[in-house]
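**Q** Encoded as structure tokens, here's the structure I'll be asking about.
The values are calculated or read from the model by the stated rules, or taken from the named source; none is laboratory data. All values derive from a computational prediction rather than experimental measurement. Cβ atoms come from the backbone with ideal geometry, glycine included; neighbour counts cover every protein chain shown.
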Amino acid sequence: MTTTLTRLRMATQKSGRLAEASERLLKDAGIKIRSSKGQLTARATNFPLDLMLVRDDDIPTLVGDGVCDLGIVGQNVLEEYRLDPANEDVDVLCRLGFGGCSLRFAAPADEAFELANLEGTRIATSYPLLTRKFLEDNGIQAEVVTMHGAVELAPRLGIADYVCDLVSTGQTLEANGLKPVHTILESESVLIRTRADIGSEKSDRADALTTRIDGVIATAE
Ligand code: ATP
Ligand code: ZN
């Protein structure tokens, strides 16, 4: 008998760039998900697994706090979370081969950029901890302005001189008169697992699911 207590909980993105690929990965791992539109959870019908469909930013916290046992999230979001010492760390089980992007500084398209140009400027980003760490590691003093969206607009709006933002094709930057100049993090999606004690039954199930997912990744390579 499967009780709710022993069903695994996995946090995945509800909608966005990782949502479809996460669902596809589980499907390829042989997991059948009964999803209904607009729901915040989805149930697997052939494995003791429930999905919590949430914003990607909440995934490390849900897994770190042990509310969910597993999660699928970008390394960018995970590394930002990890830089806050108040957060509970999680284990990274494997890279998933999708959601590739990089966190980069971008400068006005016509600027002859070098890192020293950042000194004394304002930099807009959705990743303040990663950006500050990079600046600190490189001995650069600059002000970091946190924005939760439309970061590439910041220079045009006069809010910042530079941005540090996620880039995959560079088209959004280009459309805003910017060019990527320096990468601070290469990212892809990863499978994460809580460090909280989840008991042996759930732990065995998490191992079994991870093995299946590993199998899918191995054949895709
Ligand atoms: P949510 O509503 O879940 O908070 P979001 O708008 O923050 O969604 P998405 O744009 O769907 O997030 O991106 C989710 C993840 O996809 C990113 O955190 C990153 O890991 C990855 N990603 C891949 N390419 C890009 C890109 N070009 N821009 C932004 N994120 C990308
Ligand atoms: Zn998000």
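**Q** Suppose we filter N117, N76 for residues that are outside the structural domain of T172 (by TED's automatic domain parsing) and either surrounded by 14 or more Cβ atoms within 10 Å (Cβ to Cβ) or polar (S, T, N, Q) (or both); which single one remains?
**A** N76
**Q** While we're on this one: So which residues in the range 43-77 are more than 16 Å from ligand 1 (Cβ to nearest atom) and part of a strand (DSSP E or B), if there are any at all?
**A** R43, A44, L49, D50, L70
**Q** Moving to a separate point now. Can you confirm whether the range 10-19 contains a residue that is in contact (Cβ under 8 Å) with a residue 24 or more places away in the chain, away from ligand 2 (no atom under 13 Å from the Cβ) and among the charged types (D, E, K, R)?
**A** Checked the range 10-19: no residue is in contact (Cβ under 8 Å) with a residue 24 or more places away in the chain, away from ligand 2 (no atom under 13 Å from the Cβ) and among the charged types (D, E, K, R).
**Q** Can you name the condition, by its number, that L40 falls short on among (1) touching a strand residue (DSSP E or B) at 6+ places or on another chain (Cβ under 7 Å); (2) at pLDDT below 95; (3) more than 14 Å from ligand 1 (Cβ to nearest atom)?
**A** It fails just one condition, (3).
**Q** Then there is this: Among the residues of the range 84-114, how many are away from ligand 1 (no atom under 15 Å from the Cβ) and outside the structural domain of Y162 (by TED's automatic domain parsing)?
**A** Qualifying residue count for the region: 10.
**Q** List every residue pair whose Cβ atoms sit under 8 Å apart, with the two residues 6 or more apart in sequence or on different chains, where the first one lies in the range 102-123 and is on the phi > 0 side of the Ramachandran plot and the second, anywhere, is not polar (S, T, N, Q).
**A** Within 8 Å, the pairs are G120/A142.
**Q** Moving on to the next point. Return only the number of the condition from (1) touching a strand residue (DSSP E or B) at 6+ places or on another chain (Cβ under 6 Å); (2) closer than 21 Å to K202 by Cα; (3) among the hydroxyl-bearing types (S, T, Y) that S35 does not satisfy.
**A** Unmet for S35, out of (1) touching a strand residue (DSSP E or B) at 6+ places or on another chain (Cβ under 6 Å); (2) closer than 21 Å to K202 by Cα; (3) among the hydroxyl-bearing types (S, T, Y): (2).
**Q** I'm trying to understand the selection: among the residues of the range 79-101, which are under 17 Å from G170 (Cα atoms) and surrounded by fewer than 18 Cβ atoms within 10 Å (Cβ to Cβ)?
**A** G100
**Q** Being at pLDDT below 95 and more than 28 Å from T210 (Cα to Cα) is the requirement here; does G120 meet it?
**A** The answer is no for G120.
**Q** On to the next question. Quick one: count up the residues across the range 13-37 that are more than 10 Å from ligand 1 (Cβ to nearest atom) and either among the hydrophobic types (A, V, I, L, M, F, W, C) or part of a strand (DSSP E or B) (or both).
**A** Residues flagged as more than 10 Å from ligand 1 (Cβ to nearest atom) and either among the hydrophobic types (A, V, I, L, M, F, W, C) or part of a strand (DSSP E or B) (or both) within the range 13-37 amount to 6.
**Q** Please work out which one of (1) within 16 Å of ligand 2 (Cβ to nearest atom); (2) assigned to a loop (DSSP other than H, G, I, E, B); (3) not hydrophobic (A, V, I, L, M, F, W, C) is the condition E80 fails and give its number.
**A** The number of the failed condition is (2).
**Q** Looking at (1) over 30 Å from L209 (Cβ atoms); (2) in contact with a helix residue (DSSP H, G or I) (Cβ under 6 Å, 6 or more places away or on another chain), can you tell me which one L130 breaks?
**A** Every listed condition holds for L130 apart from (1).
**Q** Just give me the residues in the range 38-87 being out of contact with any Ser or Thr (no Cβ under 7 Å at 6 or more places or on another chain), farther than 15 Å from G99 by Cβ and aliphatic (A, V, I, L, M), in sequence order.
**A** Those that are out of contact with any Ser or Thr (no Cβ under 7 Å at 6 or more places or on another chain), farther than 15 Å from G99 by Cβ and aliphatic (A, V, I, L, M): L40, A44, L49, V54, L62, V67, L70, L83, A86.
**Q** Does the range 131-141 hold any residues that are assigned to a helix (DSSP H, G or I) and among the hydrophobic types (A, V, I, L, M, F, W, C), and which are they?
**A** Those that are assigned to a helix (DSSP H, G or I) and among the hydrophobic types (A, V, I, L, M, F, W, C): F134, L135.
**Q** Sticking with this one: What residue, among those in the range 131-160 that are touching a residue at least 40 places away in the same chain (Cβ under 8 Å) and crowded, with 20+ Cβ neighbours inside 10 Å, is farthest from S102 (Cα to Cα)?
**A** The extreme case among them is P155.
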